[in-house]
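Undergrad: Okay, here's the structure, questions in a sec.
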Amino acid sequence: MLLKRVVITGMGVVSPFGRGIESMMDALLAGKSGVVQVPELAEITGMRTRVAALATGVDPMEIPRKFRRSMSNMSVFATLASQDAAAMAGLTGEQLHSGRLGVSIGSTTGSPQTMQEFFRDFGIDNSLERMKSTLFFHIMNHSCASNVAQALGVTGRILAPAAACSTSCHAVGYAAEMIGMGKQDFMLCGGADEFHPLTSGTFDIMNAASTAFNESPTSTPRPFDRDRDGIVCGEGSGILLLESLESAEQRGAAILAEIVGFATNSDPGSIANPDASCIAGCMRLALEDAQVKPEQIDYVNAHATATEQGDIAECEAISNIFGNTVPVSSLKGHLGHAMAASGTLELAACIEMLRQGILIPTLNLEHIDPLCSNVQHVHGVTRRTVATVIKNNFALGGVNSSIILRRYP
Amino acid sequence: MTDQEIIEQINSSLAEEFEFALNDMTPETTLFEDMGLDSLDVVDLVIVLESAFGMKIREEEAIRKIRTLGDIHTFVINKKRQMESA
């Protein structure tokens, strides 16, 4: 339980549907897919998946060279999304530079593209003589967090959580706790990742990447569907501006939603395979943290990436806690899996679902897998009162996370 | 390469690396004040020149005295001539 109430007053996204929450919501409501064929994947020996959800609508040149020189694509995405979140919240330069605003932004790794370029060159003659001075700033683990802080002139705390697919859920949860403890008044938080064949390849060699829909990319991924065949990797950034309720009220900021609970736990049973009881344990911890009963939850935004093991384990966990009456959907069918960015891209959509009183169904869910039929799936865009939602993310490495949002007021 | 060709090659390489307008680049242009470069950029400037002219200059004492674009032109032209006569 947070000692201070924490609210969301700004959000920014870079997604396959472009820059900005409006274009992403328009696409989600219209049932559009951001997945496209990626011809370069066909040129890689051993790569079977040929599709990905690539970010669009980004112009890196908007960022002055002084800041851009230390950024790879993931930091560019995070910086533009952070600028948008700060602008939506109406933050002043004084607030950004006050020391009371911190950054909590993570990515799965440092830039894989920059690492590839460095090692390709290094391998030619075992030489460092062509290494650029800004290389380290692209590949360090806190690249996104530091680059955002530099570009926006942030002087508060810097945190760069890394937990693959749970990264941005962690980033938001830890940021909320920091504000809840009174250590900061504002936090720019979330995640970012850039697409690289290494990411798709990681899932492909584990037989967890989608390979059967290379010729019809918008038909995959298919969370919960009987014909699903795995993850489609994506990229982008989702950034939220969290703030203490006290601060938001004091400055008359428009409040988008409240964060009422966060939990994370580790699953030591397997570094790769999810476990229903550990997932359920994580959701129960979040409910306890929020002091919310299962029957008070109006919607579950599932992690559901369209892997057989993940979807079935999550449905079992949801069913154990919520039965089969609480609506459930996954946004991976539209957005693909943006890894460290997925949590906050989906949280941003959840905030809009709360505000608009609307639920978005799972794209490409046509025939529910019998083993996923133990929960109530959202069928079609549904208008209804949505007051409290729980959002899940689970990561390779055995890291589960859940966040509970409440409509405000 | 003529001296003029060397100067043009230097200017175009630096313009590309540091996103500077060629029209604004004169021999009097200062690297720090006018071009806005800093210590990280100077490291990359050396790498760009080494790559453009196929020479090793990182350890050269004369590099530390460079302040203007004209200083770079003179330095590289002299270095090229030394390499050619060696």
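Please treat every number below as a calculation from the coordinates, not as lab data. Note that the structure is a prediction, hence the values are computed from the model and not measured. Note that each Cβ is placed from the backbone with ideal geometry, even for glycine, and that neighbours are counted across all protein chains shown.
Undergrad: With 10 Å bins from zero, work out the P(r) of segment A:6-250 over every alpha carbon pair and list the percent per bin.
TA: With 10 Å bins starting at 0, P(r) equals 8, 29, 33, 21, 8, 1, 0.
Undergrad: Also, quick follow-up: Report D for segment A:1-115 in µm² per second (integer): Stokes-Einstein, Kirkwood Rh on Cα pairs, 37 °C, 0.692 mPa s. Numbers along the way, then the final one.
TA: Working: Rh = 16.8 Å.
Approximately 195 µm²/s, per Stokes-Einstein.
Undergrad: To the nearest 0.05, how large is the calculated FRET efficiency for A:LYS293 and A:GLU40 if R₀ is 51 Å and r is the Cβ-Cβ distance?
TA: Details: r = 49 Å, r/R0 = 0.96.
Rounded to the nearest 0.05, the efficiency is 0.55.
Undergrad: For a Förster distance of 56 Å, can you work out the FRET efficiency between the beta-carbons of B:ASP3 and A:ASN320, rounded to the nearest 0.05?
TA: Working: r = 79 Å, r/R0 = 1.42.
It comes to 0.10.
Undergrad: What does the average come to when, for each residue of peptide B:43-56, you count the partner chain Cβ atoms lying within 10 Å of its Cβ? Working shown, then result.
TA: Values: counts 4, 5, 1, 2, 5, 1, 0, 2, 2, 0, 0, 0, 0, 1.
Mean partner-chain Cβ count within 10 Å for B:43-56: 2.
Undergrad: Averaged over all directions, how much area does the convex hull of the C-alpha atoms of segment A:226-327 cover when projected, in nm²?
TA: Details: hull surface 35.0 nm².
Projected over every direction and averaged, the Cα hull of segment A:226-327 covers 8.7 nm².
Undergrad: Another question, then. Per the Cauchy relation, a quarter of the hull surface: what is the mean projected area of the convex hull of the alpha carbons in the protein assembly as shown, in nm²?
TA: Working: hull surface 101.1 nm².
Approximately 25.3 nm², given one-decimal rounding.
Undergrad: How large is ³J(HN,Hα) for each residue in segment A:366-383, as worked out from phi by the Karplus curve 6.51 cos²θ - 1.76 cosθ + 1.60 (θ = phi - 60°), to whole Hz, x for Gly and Pro?
TA: Rounded to whole hertz, the list is 10, 10, 5, 4, x, 7, 10, 8, 8, 10, 8, 7, 6, 10, x, 5, 10, 8.
Undergrad: Still on this structure, please answer the following. For the protein assembly as shown, give me the percentage of DSSP beta bridges that are antiparallel, rounded to the nearest 5 percent. The partial results should precede the final answer.
TA: Numbers: 43 of 61 bridges.
If we restrict to bridges inside the protein assembly as shown, about 70 percent are antiparallel.
Undergrad: Roughly what % of DSSP beta bridges within segment A:261-406 run antiparallel, to the nearest 5? Don't skip to the answer; put the middle values down first.
TA: Numbers: 16 of 23 bridges.
Of all bridge pairs located within segment A:261-406, approximately 70 percent are antiparallel.
Undergrad: Which whole number gives the average, over all residues in A:312-321, of C-beta atoms from other chains lying within 10 Å of the residue C-beta? Write out the running numbers ahead of the final one.
TA: Details: counts 0, 0, 0, 0, 0, 0, 0, 0, 0, 0.
Taking the mean over all residues of the peptide, I get 0.
Undergrad: I've got another one for you. For peptide A:66-75, compute the average count of partner chain beta-carbon atoms within 10 Å of each residue's beta-carbon.
TA: Values: counts 5, 0, 1, 6, 1, 0, 0, 0, 0, 0.
Per residue, the average neighbour count from other chains is 1.
Undergrad: Quick one: Kirkwood hydrodynamic radius for segment A:261-406, alpha-carbon pairs, angstrom, one decimal?
TA: On the way: mean 1/r = 0.0672 Å⁻¹.
Across segment A:261-406, the inverse of the average 1/r is 14.9 Å.
Undergrad: Order these peptides, A:82-94, A:341-353, A:217-229, by their mean beta-carbon neighbour count within 10 angstrom, highest first.
TA: Details: A:82-94: 19.0, A:341-353: 28.0, A:217-229: 23.1.
The densest-packed peptide leads the list: A:341-353, A:217-229, A:82-94.
Undergrad: What per residue convex hull volume, in Å³, do the alpha-carbon atoms of chain B yield? Walk me through the numbers on the way to the answer.
TA: Details: hull volume 7.5 nm³, N = 86.
So the per-residue Cα hull volume is 87 Å³.
Undergrad: Sticking with the crude label model, points 7 Å out along Cα→Cβ, report the distance from B:VAL43 to A:ILE271 in nm, one decimal please.
TA: Label at B:VAL43, label at A:ILE271, 3.2 nm between them.
Undergrad: Something else about it: What order do you get for A:258-264, A:231-237 when each peptide is scored by the mean count of other beta carbon atoms within 10 Å, highest first? Show your work: numbers first, answer last.
TA: Numbers: A:258-264: 23.1, A:231-237: 31.4.
Taking the mean over residues of other Cβ atoms within 10 Å, the ranking is A:231-237, A:258-264.
Undergrad: If amide hydrogens are placed 1.01 Å from N in the peptide plane, which non-local residues have theirs closer than 5 Å to the one on A:SER104?
TA: Distant-sequence amide H within range of A:SER104: A:LEU159, A:LEU188, A:CYS189, A:GLY190.
Undergrad: Next question. Using a 7 Å offset from the Cα along the Cα-to-Cβ direction at both B:MET55 and A:ARG120, what is the distance between the two label points in nm, to one decimal?
TA: Each label point lies 7 Å from its Cα, and together they span 3.0 nm.
Undergrad: Mark the label point 7 Å from the Cα of A:THR218 along Cα→Cβ and return the residues of segment A:57-81 whose backbone N is within less than 20 Å of it.
TA: A:57
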